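Q: The following block contains the structure, expressed as structure tokens.
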Amino acid sequence: MNYLFLDIDGVLNTGRYSDYLVKNGLCETDEDGYLFDPEAVDWLQYIIEKTEAKIVITSTWRLDGDMQALWRNRDLAGEVVGVTPTLPREKAIGKMKIFYGHRGMEVEAWLQNHASEPYNYVILDDEDDYLETQAEHLVLTDPMTGITVDVAEKVIGMLDNLCISK
């Protein structure tokens with residue numbers, strides 16, 4: 001099984017597309033939130049077609065609504081099989097409010113609770129808030145451009161080569 005842990009802002013919702021919409025006086029949102037960059041959406045579709053990865057949403061968008069409904073409403077590629085849990089920062093790190101790797105802990109918790117071995121996974125995000133042990137699974141995007149051909153090819157190559165099995 002291939003899993004794609006997917007952030008939204010800076011990955012599908014890009015600065016480039018937002019700038020284009022504003023410059024042309026077009027609406028940046030619909031009933032589901034900010035519009036996604038069509039180029040980034042096309043590259044996501046390419047990734048899904050090549051890898052058959054199941055999508056797990058890591059984005060804060062998961063806190064605002066039904067991600068499966070968003071995928072249906074926008075006719076996006078792939079199947080959203082879940083969202084990462086929201087872990088309270090205080091519980092995860094004591095009394096500190098800032099913690100490197102917090103989103104990584106959420107990915108780890110999702111994998112422990114839902115993934116059956118063997119599995120492959122890639123994390124696609126524009127920020128590095130992951131655990132050191134997840135570095136080989138992380139692909140960072142430029143928030144201005146989101147998913148590009150280079151990002152898509154890297155994700156596909158990683159899903160073809162990574163496998164977690166104990």
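Q: Name every residue in the stretch 94-116 that is modelled with pLDDT under 65 and either in a helix (DSSP H, G or I) or buried (at least 17 other Cβ atoms within 10 Å of the Cβ) (or both), in order of residue number. Can you show your working first?
A: Taking the stretch 94-116 and keeping what is modelled with pLDDT under 65, we get 94-101.
Passing the criteria: only G101.
Yes or no, residue by residue, for (1) closer than 25 Å to G65 by Cα; (2) touching a helix residue (DSSP H, G or I) at 6+ places or on another chain (Cβ under 8 Å); (3) modelled with pLDDT under 90:
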site: P88; (1), (2), (3): yes, no, yes
site: A92; (1), (2), (3): yes, yes, yes
site: D125; (1), (2), (3): yes, yes, no
site: D129; (1), (2), (3): yes, yes, yes
site: V155; (1), (2), (3): no, yes, no
site: D160; (1), (2), (3): no, yes, yes
site: S165; (1), (2), (3): no, no, yes
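Q: Could you say which residue among L111, L140, L131 is under 15 Å from N2 (Cα atoms) and of a type outside the set (D, E)? Outline the logic, then answer.
A: Details: L140 fails: under 15 Å from N2 (Cα atoms); L131 fails: under 15 Å from N2 (Cα atoms).
Going through L111, L140, L131 in turn, the sole match is L111.
Q: Continuing with the same structure: Hey, among the residues in the stretch 14-35 that are of a type in the set (D, E, K, R) and surrounded by fewer than 16 Cβ atoms within 10 Å (Cβ to Cβ), which one's farthest from N120 (Cα to Cα)?
A: Filtering the stretch 14-35 down to residues of a type in the set (D, E, K, R) leaves 16, 19, 23, 28, 30-32.
Now restrict to residues that are surrounded by fewer than 16 Cβ atoms within 10 Å (Cβ to Cβ): 16, 19, 23, 28, 30-31.
Values: R16: 30, D19: 35, K23: 40, E28: 34, D30: 33, E31: 33 Å.
It comes out as K23.
Q: Please work out which residue is nearest to N161 (Cα to Cα), limiting yourself to the stretch 37-70 and to residues that are touching a Ser or Thr at 6+ places or on another chain (Cβ under 8 Å) and free of Cβ contacts under 8 Å to residues at least 40 places away in the same chain.
A: Just the residues of the stretch 37-70 that are touching a Ser or Thr at 6+ places or on another chain (Cβ under 8 Å), to begin with: 37, 39-40, 43, 56-58, 62-63.
Pick out the ones that are also free of Cβ contacts under 8 Å to residues at least 40 places away in the same chain and you get 62-63.
Working: R62: 28, L63: 32 Å.
Only one residue fits best here, namely R62.
Q: Just for the stretch 144-153: of the residues that are touching a helix residue (DSSP H, G or I) at 6+ places or on another chain (Cβ under 6 Å) and part of a loop (DSSP other than H, G, I, E, B), which one is surrounded by the fewest Cβ atoms within 10 Å (Cβ to Cβ)? Even if it seems obvious, please write down each step before you answer.
A: First pass over the stretch 144-153, keeping only residues touching a helix residue (DSSP H, G or I) at 6+ places or on another chain (Cβ under 6 Å): 144-147, 152.
Applying the additional criterion that residues be part of a loop (DSSP other than H, G, I, E, B) yields 144-145, 147.
Values: M144: 14, T145: 20, I147: 28.
Residue satisfying both the conditions and the ranking: M144.
Q: Moving on. Tell me, which residue of the stretch 131-153 that is modelled with pLDDT of 95 or more and hydrophobic (A, V, I, L, M, F, W, C) is farthest from T14 (Cα to Cα)?
A: Among those that are modelled with pLDDT of 95 or more and hydrophobic (A, V, I, L, M, F, W, C), it is L138.
Q: Scan the stretch 118-143 for residues that are in a loop (DSSP other than H, G, I, E, B) and crowded, with 16+ Cβ neighbours inside 10 Å and jot them down.
A: Just the residues of the stretch 118-143 that are in a loop (DSSP other than H, G, I, E, B), to begin with: 118, 126-131, 141, 143.
Of everything in the stretch 118-143, those that are in a loop (DSSP other than H, G, I, E, B) and crowded, with 16+ Cβ neighbours inside 10 Å turn out to be D126, D129, Y130, L131, T141, P143.
Q: Quick check, is A115 among the hydrophobic types (A, V, I, L, M, F, W, C) and under 26 Å from D42 (Cα atoms)?
A: Numbers: among the hydrophobic types (A, V, I, L, M, F, W, C): yes; under 26 Å from D42 (Cα atoms): no.
Answer is no for this residue.
Q: Taking the stretch 44-91 as the region of interest, how many residues are assigned to a helix (DSSP H, G or I), within 17 Å of E106 (Cβ to Cβ) and over 15 Å from the mean Cα position of the chain (by Cα)? Don't jump to the end; show me each part of the working.
A: We begin by selecting, within the stretch 44-91, every residue assigned to a helix (DSSP H, G or I); these are 44-51, 60-63, 67-73, 89-91.
Next, only the ones that are within 17 Å of E106 (Cβ to Cβ) stay: 60-63, 67, 89-91.
Next, from what is left, pick out any that are over 15 Å from the mean Cα position of the chain (by Cα): 89-91.
The number of residues fulfilling the criteria is 3.
Q: Being surrounded by 14 or more Cβ atoms within 10 Å (Cβ to Cβ) and part of a loop (DSSP other than H, G, I, E, B) is true for just one of V41, V11. Which residue is that?
A: Numbers: V41 fails: part of a loop (DSSP other than H, G, I, E, B).
Checking each option against the conditions leaves just V11.
The values are calculated or read from the model by the stated rules, or taken from the named source; none is laboratory data. Since this is a predicted model, take the numbers as computed values, not measurements. Glycine gets a Cβ as well: all are built from the backbone with ideal geometry, and neighbour counts include every protein chain shown.
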